[in-house]
Amino acid sequence: MKANGHTVMVTGGATGIGFALAKKFQAAGNQVILVGRRENVLQEAQQNLSGSRIAVADVSRAEDRERLLRDFPDVNILINNAAIQYTKPFIEQTNNEIIQELDINMTAPALLTRAFLPQLLNKSSAAVVNVSSGLAVVPKETCALYCASKAALHSFSQVLRWQLENSNVRVFELLPPMVATPLSQGKGHAHLKISPDELAEEFWRDFLRDHFQIMGGKTKLLYWLNRISARLAERIMRKGL
Ligand SMILES: NC(=O)c1ccc[n+]([C@@H]2O[C@H](COP(=O)([O-])OP(=O)(O)OC[C@H]3O[C@@H](n4cnc5c(N)ncnc54)[C@H](OP(=O)(O)O)[C@@H]3O)[C@@H](O)[C@H]2O)c1
């Protein structure tokens with residue numbers, strides 16, 4: 001992909017990894033639109049990223065997705081980054097939490113992509129970027145549906161890439177390792193986490209080279225370890241890092 005001239009919608013763009021990606025795109029000469037549910041958080045992000053646009057929307061709601069499509073006909077890169085994580089035994093998850101986690105992490109990216117695809121196919125160059133996780137490669141014990149949703153997003157990204165390979169729409173997947181963000185707060189060892197900006201730097205290098213499966217930080221190591229010894233990878237990851 002070329003570095004500039006894009007209009008990029010980042011779901012979950014006001015915080016963490018989404019905000020770091022938005023900063024990277026904006027600095028390279030692209031227009032960015034930050035999407036999230038909390039207006040005050042979006043406004044604060046916009047103040048720190050002047051020139052960005054914001055949209056209050058819950059990507060798991062059909063009417064919000066339709067509004068995003070209506071309001072931003074110029075988008076040619078869609079970054080499906082918004083997600084939530086419940087860290088507790090499955091038996092303690094309520095039905096609503098189960099539905100919400102799968103909706104936000106997997107169904108919403110699919111439906112938002114489906115909604116934007118006709119528009120993306122009409123641009124001279126376009127991309128979908130799905131932010132999954134290293135946990136799509138090897139899961140951990142404490143968050144069953146989060147891991148399941150990310151494995152599904154990983155598989156979806158691969159198949160969508162195949163289905164669109166003769167079109168103008170490129171399909172990227174970013175598989176972050178542990179990154180220091182609100183989502184990972186209080187989980188894992190702080191010294192094993194990279195910063196969102198470091199991850200965005202890695203993403204950017206691979207994005208410009210059309211490397212479609214972008215394994216940030218230690219995800220690459222985990223991927224190869226899993227190929228060499230799935231049992232060892234599982235043993236390391238099961239309890240989380
Ligand atoms: N941090 C890590 O260690 C790590 C590792 C692997 C993968 N990831 C992935 O990286 C992505 C970004 O996460 P993060 O770590 O940067 O955490 P984060 O800062 O908590 O970002 C999640 C963002 O998603 C937004 N969001 C959540 N539900 C939404 C909804 N229904 N509609 C619209 N926006 C919604 C949140 O804003 P609102 O609450 O205001 O809506 C928030 O800005 C996620 O896909 C996550 O699974 C993170």
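Every read-out reported here was derived from the displayed coordinates using simple, explicitly stated rules and does not represent laboratory data. It should be emphasised that the depicted structure is a prediction, and the values quoted were computed from it without experimental measurement. Using ideal geometry, Cβ is built from the backbone for each residue, glycine included, and neighbour counts are taken over all protein chains shown.
What is the fewest-to-most order of Asp64, Asp197 by other Cβ atoms lying within 10 Å of their Cβ? If I rank by nearby Cβ atoms, fewest first, I get Asp197, Asp64. Segment 65-127 and segment 168-206 have Cα centres lying 18 Å from one another.
For the chain, give the magnitude of the charge dipole about the Cα centre (Cβ charges: +1 Lys/Arg, -1 Asp/Glu; no others), in debye to the nearest 20. Don't skip to the answer; put the middle values down first.
On the way: 28 positive and 22 negative charges, 126 e Å.
My answer is approximately 600 debye.
Which of Gly29, Gly18, Gly216 moves most in a GNM of the chain, Cα contacts under 10 Å? So, out of Gly29, Gly18, Gly216, the one fluctuating most is Gly29.
Placing dummy labels 7 Å off each Cα toward the beta-carbon, the span from Ser229 to Leu192 is 1.6 nm.
Within straight-line reach of Lys150, meaning a Cα separation under 17 Å, sit the following aspartates and glutamates at least 8 residues removed in sequence or on another chain: Glu97, Glu101, Asp103, Glu141, Glu173, Glu234.
Here His6, His211 are placed in order of increasing Cβ neighbour count within 10 Å, fewest first, which gives His211, His6. Taking a ≥ b ≥ c as the square roots of the eigenvalues of the Cα gyration tensor of segment 7-238, is the shape rounded (a/c under 1.5), prolate (a/b larger than b/c) or oblate? In terms of gyration-tensor shape, rounded.
In this structure, the amide hydrogen of Gln213, modeled 1.01 Å from its nitrogen in the peptide plane, lies closer than 5 angstrom to those of Glu173, counting only residues at least 5 positions away or on a different chain.
Multiplying the residue separation of Gln185 and Asn95 by 0.36 nm and removing their Cα-Cα distance gives an extension gain of 30.0 nm.
Amide H contacts under 5 Å for Tyr86: Tyr146, restricted to partners 5 or more places along the chain or on a different chain, H placed in the peptide plane at 1.01 Å from N.
Of the GluC sites (Glu not before Pro) in segment 78-172, the ones in a loop by DSSP (not H, G, I, E or B) with at most 16 other beta carbons within 10 Å are Glu141, Glu165. If you run the Gaussian network model on the chain, springs between alpha carbon atoms under 10 Å, then out of Arg170, Arg227, Arg161 the most flexible one is Arg227.
Close amide-amide hydrogen proximity is noted between Ile54 and Leu34, each under 5 Å apart and 5 or more residues distant or on a separate chain (H modeled in the peptide plane; Pro and chain starts excluded). In order along segment 141-150, the Karplus-derived 3J(HN,Hα) couplings, from 6.51 cos²θ - 1.76 cosθ + 1.60 at θ = phi - 60°, round to 6, 7, 9, 4, 6, 4, 4, 4, 5, 6 Hz, and Gly and Pro are given as x. Here the Gaussian network model covers the chain, with springs between Cα atoms less than 10 Å apart; of Ile98, Ile79, Ile214, Ile98 fluctuates the most. Shape analysis of segment 73-158 places it in the prolate category; the axes a ≥ b ≥ c from the Cα gyration tensor give an a/c of at least 1.5, with a/b above b/c.
Classified by the C-alpha gyration tensor, segment 131-241 has a prolate form. Its axis ratio a/c, with a ≥ b ≥ c, is 1.5 or above, and a/b is larger than b/c.
Sorted fewest first by neighbouring Cβ atoms within 10 angstrom, Thr7, Thr219 come out as Thr7, Thr219. Straight-line cross-link reach from Lys23 at under 19 Å between alpha-carbon atoms covers these lysines, not counting any fewer than eight positions away in the same chain: Lys2. Applying the criteria of a DSSP loop state and at most 13 other Cβ atoms within 10 Å to the trypsin sites (Lys or Arg not before Pro) of segment 1-58 yields Lys2, Arg38.
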